[in-house]
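Remarks on the structure that follows.
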């Protein structure tokens, strides 16, 4: 059996949605940083939240094709994403403090923090936010 056949379809869709989410996060992050008036951690938080809103609706509709209503999912999504936000900002801060704050290190720290939170988010959304009772058995 090929490796791709063992990986759930939802994971591949998650990668596409995630790539678009990262593009939104990245674009907003650097637009904010270019203003020069907002601290890095605040800029990263804002860009992450804007990406998260997109990710919620795209993952609900396309990745997990969840029929669950907003009342059943939004609080779990917020908890998973707030946890991921802490991980994302913390990893970003950690690497910037090790590597210094240049454009190149900001980009590297951005991608390391994004990969860390993306892995966390996939499993959180699959197993917590959009988990249907049948899947949990």
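The values are calculated or read from the model by the stated rules, or taken from the named source; none is laboratory data. The shown structure was predicted, so the numbers you read here are calculated from the model rather than taken from an experiment. Glycine gets a Cβ as well: all are built from the backbone with ideal geometry, and neighbour counts include every protein chain shown.
Of all residues in region 79-111, those satisfying the criterion of being without any contact (Cβ under 8 Å) to a residue 60 or more places away in the chain, surrounded by 16 or more Cβ atoms within 10 Å (Cβ to Cβ) and under 21 Å from residue 31 (Cα atoms) are 85, 88, 89, 91, 92, 95, 96, 109. Given the condition over 30 Å from residue 8 (Cα atoms) and assigned to a helix (DSSP H, G or I), answer yes or no: does some residue in region 56-65 qualify? Looking through region 56-65, none of the residues is over 30 Å from residue 8 (Cα atoms) and assigned to a helix (DSSP H, G or I).
For region 66-78, the set of residues classified as loosely packed, with under 15 Cβ neighbours inside 10 Å and in a helix (DSSP H, G or I) consists of 70, 71, 72, 74, 75, 78, listed by residue number. Scanning region 31-47 for residues that are part of a helix (DSSP H, G or I), in contact with a helix residue (DSSP H, G or I) (Cβ under 9 Å, 6 or more places away or on another chain) and either more than 14 Å from residue 107 (Cβ to Cβ) or free of Cβ contacts under 8 Å to residues at least 12 places away in the same chain (or both) yields 31, 32, 35, 41, 42, 45, 46.
Note on region 67-83: residues that are touching a helix residue (DSSP H, G or I) at 6+ places or on another chain (Cβ under 7 Å) and modelled with pLDDT under 90 total 1.
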